[in-house]
Amino acid sequence: MIASTSSLVTFEGGIDGFTRDGFIAGWACLPGVVSRSRARVVWENEVIGEAVADSFRIDLLRAGKGLGHCGFFARLQRELPPGEHVFSLIVAAEAGGEGIEVARNLSLEMPAAPEIRARLPECPRERVAWQDEDVLGHLAQFDLPRHCREMGVNRFVDVVYRFILDRWADDSALSLYPAILEKASLTPEAFFSIVLTSDERKSRQTPLPSPFDYRFPFANYAIEAGMSD
């Protein structure tokens with residue numbers, strides 16, 4: 001993995017491997033903001049795969065890469081012969097703009113033996129959603145104290161209830177949590193954990209909204225050093 005910086009943005013990304021059904025897997029993200037990126041895989045000066053990097057991968061979440069929703073699977077636009085191939089990765093914001101090379105000289109082996117190629121993974125046919133325990137184990141990446149500070153405690157309590165329980169906070173919650181958050185008797189992470197592990201949440205079958213869902217309230221979950229200048 002290589003991070004690449006322009007005068008405005010810093011992207012990170014990498015290429016991980018082939019799938020047996022003709023895709024190349026990788027990831028790309030813009031640290032510090034929830035934003036889709038568009039990844040282009042280049043081989044011998046030709047773009048041979050392109051995809052939006054917004055698939056959830058638990059390994060990326062655990063590695064601190066965004067909120068984990070930055071994987072991609074780009075369908076190869078040509079058959080690659082068996083052997084070692086060298087790629088570059090170009091990343092740009094999905095909304096447009098100039099692409100930035102974030103990784104080069106990435107070597108991957110396309111196996112020749114059919115039995116080895118058969119053991120390669122397939123591209124997921126359905127989007128993987130994060131589980132509550134995934135979120136619970138990585139709350140630091142949401143930068144909740146900053147959101148609480150910027151929103152104010154009353155708004156923060158309402159937003160967390162809406163995000164986790166798909167409803168606004170009731171009067172009993174609003175009479176309890178803002179005061180103890182204001183006094184710092186309860187941290188924003190601890191409050192978030194209480195709601196996320198509540199019986200009401202456990203009774204729900206639907207996953208939490210993804211970072212690209214309109215209901216996701218923590219759009220800029222972290223501020224990278226120098227990015228806010």
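The values are calculated or read from the model by the stated rules, or taken from the named source; none is laboratory data. Please read all numbers here as calculations on a predicted model, not as lab measurements. FYI the Cβ positions are ideal-geometry reconstructions off the backbone, even for glycines, and counts take in every protein chain you see.
A few comments on the model shown:
- Out of LEU30, LEU67, LEU76, LEU108, one residue alone is of a type in the set (A, V, I, L, M) and touching a His at 6+ places or on another chain (Cβ under 6 Å). It is LEU108.
- With respect to the conditions (1) surrounded by fewer than 14 Cβ atoms within 10 Å (Cβ to Cβ); (2) in contact with a Lys or Arg (Cβ under 8 Å, 6 or more places away or on another chain); (3) under 30 Å from THR19 (Cα atoms); (4) of a type outside the set (Lys, Arg), HIS138 falls short on a single one, namely (1).
- For the stretch 138-168, a residue qualifies if it is among the small types (Gly, Ala, Ser) and without any contact (Cβ under 8 Å) to a residue 24 or more places away in the chain, and exactly one does: GLY152.
- Restricting the first member to the stretch 94-112 and to residues that are modelled with pLDDT of 90 or more, and the second to residues that are acidic (Asp, Glu), the beta-carbon pairs closer than 6 Å and six or more apart or on different chains are SER107/GLU84; GLU109/GLU84.
- Here GLU133, GLU200 are screened, and the one residue that is under 24 Å from VAL33 (Cα atoms) and of a type in the set (Asp, Glu) is GLU133.
- Given (1) assigned to a strand (DSSP E or B); (2) exposed (fewer than 12 other Cβ atoms within 10 Å of the Cβ), index of the condition ALA112 fails: (1)
- Residue selected from the stretch 75-93 under the condition of a type in the set (A, V, I, L, M) and over 14 Å from ARG40 (Cβ atoms), by the criterion modelled with the lowest pLDDT: LEU80
- Test: residue in the stretch 129-140 that is over 21 Å from LEU61 (Cβ atoms), of a type outside the set (S, T, N, Q), out of contact with any Asp or Glu (no Cβ under 9 Å at 6 or more places or on another chain) and not in a loop (DSSP other than H, G, I, E, B): no
- Residues that are at pLDDT below 95 and aliphatic (A, V, I, L, M) were ranked within the stretch 62-74; the one that is surrounded by the fewest Cβ atoms within 10 Å (Cβ to Cβ) is ALA63.
- Here the stretch 81-95 is the region considered, the condition is being in a loop (DSSP other than H, G, I, E, B) and within 23 Å of the chain's Cα centre (by Cα), and the residue that is surrounded by the fewest Cβ atoms within 10 Å (Cβ to Cβ) is ALA95.
- Test set (1) of a type in the set (Asp, Glu); (2) assigned to a strand (DSSP E or B); (3) farther than 30 Å from ALA129 by Cβ - GLU98 fails condition number: (2)
- Residues within the stretch 41-78 that are over 18 Å from ASP213 (Cβ atoms) and polar (S, T, N, Q), tallied: 2
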